[in-house]
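Undergrad: This is the structure I have questions about; it appears just below.
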Amino acid sequence: MAPSPEFIELSNNNITDKSLDRDCTTLSRHVLQQFESFSPQAQDLSALMSRIALAGKLVARRLSHAGLMEGVLGFTGDVNVQGESVQKMDIYANDVFISVFKQSGLVCRLASEEMEKPYYIPENCPIGRYTLLYDPIDGSSNTDTNLSLGSIFAIRQQEGDDLDGEAKDLLTDGRKQIAAGYILYGPSTMLVYTIGKGVHSFTLDPSLGEFILTEENIQIPAHGSVYSVNEGNFWQWDESIREYIRYVHRTEGYTARYSGAMVSDIHRILVQGGVFLYPGILPKPEGKLRLLYESAPLAFVIEQAGGRATTGLVDILDIVPKKLHQRTPLIIGSKKDVAKVESFIQNGH
Ligand code: P6P
């Protein structure tokens, strides 16, 4: 007996179906949808993103219990390759990203802010053609004060056999990234990613243990009121940056926001518009932020959302690093706001 027209109408418009379909739009499914195919590369990237999501869930779970567990908060007493004091959470998160890719056959090498040399996963290396570059905990100084934090990641295809274990093929420009994004550990845990087909955000549903699609094809506003910079460095900046800061101070419509974790600050700018700056400072003209696993991944995301990322003179994604932990000045955000900063750097106004 054919279904009645009323039944067909009900099933097509059934509210449950729509919310069910949304809840089933997990990260792995979304990646395959992006490719509109089940090609080997689509399957690889879907699996890679699923492992990154697992890492995010493990870090989020640890952070949510940090104040209740021994050995989560505080410093290890060590100093990392960057010369920064290492938080216990830095090490935990660094190890999480390594662990989720073991026995995956996907990732042979991991390069991280916390490790001087890339980490190789031997069982994956004969076939694992992908490299993960990541900052396991961005803004770790926020850990002990329960403020927002992030993880930043980028995926690159390994080029050549890397027989000397120096991973020299990673020293290429940011346009070689095949995927990038960040995990924001805030009131909710969000994962934002791009594979070069737009920027999409997912929110962790703890009751499901899944990241669920929240927004597709995010477009950053062309202008926003937020400027995000550590003004404590004011007297260490070049005069052109000081002039820009004086401009936003005296111009109506600007507001300062700075959290100490750039994933949090840049996510705000992705949603509301504006500009984040970490310029070079007199003792360190190259800046503080690392190119390969901080600035380049975020630049990929922001450019895919219609924004810009530059040193003030060169686009971030065009920089070819000379070393794995190379630093770079960073000006990133809405097109008009980045251009305004560039105008001060390039011709003083
Ligand atoms: P400062 C965190 O260590 C970080 O890399 C970014 O997340 C953050 O924006 C910046 O450094 C904070 O550095 O010098 O302002 O404390």
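Undergrad: Enumerate cysteines in the chain without a disulfide-compatible partner, where compatibility requires another Cys Cβ under 4.7 angstrom.
TA: CYS24
Undergrad: Then there is this: Considering only protein heavy atoms and a 1.4 Å probe, what is the carbon-and-sulfur percentage of the accessible area of the chain?
TA: Ligands and nucleic acids excluded, carbon and sulfur give 53 percent.
Undergrad: Turning to a different aspect of this structure: From the protein chains alone at 1.4 Å, what is the descending order of accessible area for MET69, MET190, MET89, largest first?
TA: Descending accessible area places them as MET69, MET190, MET89.
Undergrad: Let me ask something else about it. For the chain, modelled as a Gaussian network with Cα springs under 10 Å, which listed residue fluctuates most, LEU213, LEU313, LEU171?
TA: Looking only at LEU213, LEU313, LEU171, the biggest GNM fluctuation is shown by LEU313.
Undergrad: Which of the three applies to the stretch 268-349, rounded, prolate or oblate, going by the alpha-carbon gyration tensor with a ≥ b ≥ c and a/c under 1.5 meaning rounded? If you can, show how the numbers build up before the last one.
TA: Working: a/c = 1.83, a/b = 1.17, b/c = 1.56.
Oblate.
Undergrad: Right, next: What is the packing order of peptides 322-329, 60-67, 335-342, 246-253, taking the mean over residues of other C-beta atoms within 10 Å and listing the highest first?
TA: 335-342, 322-329, 60-67, 246-253
Undergrad: Where the centroid of each part is defined by its Cα atoms, how far is the stretch 53-79 from the stretch 283-318 in Å?
TA: Centre-to-centre (Cα) distance: 28 Å.
Undergrad: Taking R0 as 51 Å, what FRET efficiency do you get between GLU159 and GLU252 from their Cβ-Cβ distance, rounded to the nearest 0.05? If you can, show how the numbers build up before the last one.
TA: On the way: r = 50 Å, r/R0 = 0.98.
After rounding, the FRET efficiency stands at 0.55.
Undergrad: On to the next question. For the stretch 104-261, compute Rg over Rh where Rg is the Cα radius of gyration and Rh is the Kirkwood radius from the inverse mean 1/r over Cα pairs.
TA: Taking Rg over the Kirkwood Rh, I get 1.03.
Undergrad: Of the options TYR130, PHE75, ILE91, report the single residue whose Cα projects farthest towards the positive end of the charge dipole of the chain (beta-carbon charges: Lys, Arg +1; Asp, Glu -1).
TA: Value: PHE75.
Undergrad: Sort VAL79, VAL107 by heavy-atom solvent-accessible area, probe 1.4 angstrom, most to least.
TA: VAL79, VAL107
Undergrad: Let me check I've understood the local charge: for GLN82, count other residues with C-beta under 15 angstrom from its C-beta, Lys and Arg +1, Asp and Glu -1. What total comes out? Could the numbers behind the result be given before it?
TA: Numbers: positive: LYS117, LYS284, LYS288, ARG290, LYS323, ARG327; negative: ASP78, GLU84, ASP90, GLU113, GLU114, GLU116, ASP135, ASP138, GLU286, GLU294.
Computed value for this residue: -4.
Undergrad: Going down the list LYS197/LYS322; LYS176/LYS197; LYS57/LYS322; LYS57/LYS88, which pairs span over 22 Å between their C-alpha atoms?
TA: Checking Cα-Cα distances, LYS197/LYS322; LYS57/LYS322 exceed 22 Å.
Undergrad: In nm, to one decimal, how far is the SER207 label point from the ARG175 one, both placed 7 Å along Cα→Cβ?
TA: 4.6 nm
Undergrad: For the chain, max minus min Cα coordinate along each principal axis, in Å, sorted largest first?
TA: 80, 52, 44
The values are calculated or read from the model by the stated rules, or taken from the named source; none is laboratory data. Keep in mind the model is a prediction, meaning the values are calculated, not measured. Methodologically, a virtual Cβ is constructed for each residue, glycine included, from the backbone with ideal geometry; neighbour enumeration extends over all protein chains shown. Note: accessible area is taken over every heavy atom of the protein model, side chains too, but ligands, DNA and RNA are not part of it. Shrake-Rupley method; radii C 1.70, N 1.55, O 1.52, S 1.80 Å.
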